[in-house]
Amino acid sequence: MNKPLFLSSLIKNPRGTSYEGKDNDEQVILLVRQSLVSVIGWLITGAILFIIPIFLMPFLSVVEINDEKIFNGMFIFAFTLFWYLALFGYVFQSFIHWYFEVLLITNKKIIDIDRGATNISETTLDNVQDVTSKMASVIGQVLNVGSIHIQTAAEREEFEFHLVDNPSIVRDAISDMVAKKGNRKHGL
């Protein structure tokens, strides 16, 4: 079963993808997003926080001191509503950070967009000196998830992107683009 394209962590030649400052003759070759493995933590947290009121509210509705209920129905309703609104905000913010934190590889540049476009770094392919992929753990090797490290000669010396699906494919694509840009041979 194929997952929807918007949930993919590695998209080749993504249609309709752009960024501010993109040249007219520039094409986005690869869009890299963190693996879906990286969302497991906040999804589990969200699920746990979702079920807590189901068990907590009946308990709060029967708590009494001196034969008087401490929490009335309106308080429990308002608390439950606030809880789920806060939970929605947490899950939505986590999704937005995951979805919009991307690494774009174009035919001219590498663009690292962090934290919902609040931190954007880019370098030209001419500045790329070394591209390394790493899978630090056994779990990473089993799931084929790792990191990409790009050494540059630019002001920002290193671009790092963690929890990437198929890091060797990303590394190879960047190396091929750098070699093509510099008219060098790669992979022979």
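Straight Cα distances below 17 angstrom link Lys12 to the aspartates and glutamates Glu26, Glu101, Asp112, Asp165, Asp172, Asp176, with same-chain residues fewer than 8 positions distant left out. Summarising the label geometry, the points placed 7 Å from Cα in the beta-carbon direction at Val138 and His97 lie 3.0 nm from one another.
Sorting 17-27, 43-53, 170-180 by average packing, meaning the other beta carbons within 10 Å per residue, from highest down gives 170-180, 43-53, 17-27.
For the pair Tyr90 and Arg15 in one chain, pulling the backbone fully straight at 0.36 nm per residue adds 24.1 nm over the alpha carbon distance. Footprinting exposure proxy ranking of Ile169, Ile65, Ile148, Ile110, fewest other C-beta atoms within 10 angstrom first, gives Ile65, Ile169, Ile148, Ile110.
Where the centroid of each part is defined by its Cα atoms, how far is the range 1-69 from the range 100-120 in Å? Cα centroid of the range 1-69 versus Cα centroid of the range 100-120: 20 Å apart.
Using helices alone, what [θ] at 222 nm do you get for the chain, with -39,500 (n - 2.57) per DSSP H run of 4 or more residues, divided over all residues and rounded to the nearest 500? Computed mean residue ellipticity for the chain: -13000 deg cm²/dmol. Sorting 136-145, 159-168 by average packing, meaning the other beta carbons within 10 Å per residue, from highest down gives 159-168, 136-145. Among the listed values (i) 16.4; (ii) 15.8; (iii) 10.8, the one computed from these coordinates for mean projected area of the Cα convex hull in nm² is (ii).
No value in this document is a laboratory result; all are computed from the given coordinates. Computed from a prediction, not measured in an experiment: that's the story for all the values here. Every residue, glycine among them, receives a Cβ derived from its backbone with ideal geometry; neighbour counts consider all protein chains shown.
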